1. If you check L7 against the conditions, is it in a strand (DSSP E or B) and not acidic (D, E)?
2. Among L55, L22, L49, L31, which is the only one that is crowded, with 16+ Cβ neighbours inside 10 Å, of a type outside the set (F, W, Y) and closer than 22 Å to I90 by Cα?
3. Restricting to region 6-24, what's the tally of residues that are more than 14 Å from the chain's Cα centre (by Cα) and under 12 Å from L57 (Cα atoms)?
4. Kindly provide the set of residues from region 33-55 that are in a strand (DSSP E or B) and on the phi > 0 side of the Ramachandran plot, ordered by number.
5. Could you grab me the full set of residues in region 10-32 that are within 15 Å of N54 (Cβ to Cβ) and assigned to a strand (DSSP E or B)?
6. Out of (1) closer than 21 Å to I96 by Cα; (2) over 10 Å from the mean Cα position of the chain (by Cα); (3) free of Cβ contacts under 8 Å to residues at least 40 places away in the same chain, what's the single condition that is false for H27?
7. Any chance you could count how many residues in region 66-103 are at pLDDT below 80, under 13 Å from the mean Cα position of the chain (by Cα) and not aliphatic (A, V, I, L, M)?
Amino acid sequence: MTYLRDLDLSGNYFNSSIHNWLYSFSHLQFLNLGLNNFQGTISNSIWNLTSAVNLDLSNNNLEGGIPTSLGSLCNLRSVDFPHVSSAQNISRVLDILSGCAVVWNFWI
């Protein structure tokens, strides 16, 4: 599964934290973890998803904000993070995302 490119685990209501093994797929381009009731924080290990183009973490109970390592994912074009509880202001989020000169579609 090291060359897995598309993973849709949405709508499974796992009701747990996001397991770090999900961040180990370096060739993964599309990851949909929406509608799962994931809890806890988004791991800085997300930087391992170097090929990611689309990341959907919507409709979960995640907290702690957007990890700084997200800014190193230069292939990422679409990020869906609604319902992430965060004390980060929008200028901090934009600062995190400024690591790559790309056009972002970003929903928080």
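1. So L7 passes the test.
2. On the way: L22 fails: closer than 22 Å to I90 by Cα; L49 fails: closer than 22 Å to I90 by Cα; L31 fails: closer than 22 Å to I90 by Cα.
One residue alone meets the criteria, L55.
3. 1
4. G40
5. Within region 10-32, F30, L31, N32 meet the criteria.
6. (1)
7. Here the count works out to 3.
The values are calculated or read from the model by the stated rules, or taken from the named source; none is laboratory data. All figures in this text were calculated on a predicted structure; none of them were measured in a lab. Quick reminder, even Gly has a Cβ in these numbers, built from the backbone with ideal geometry, and neighbours come from all protein chains shown.
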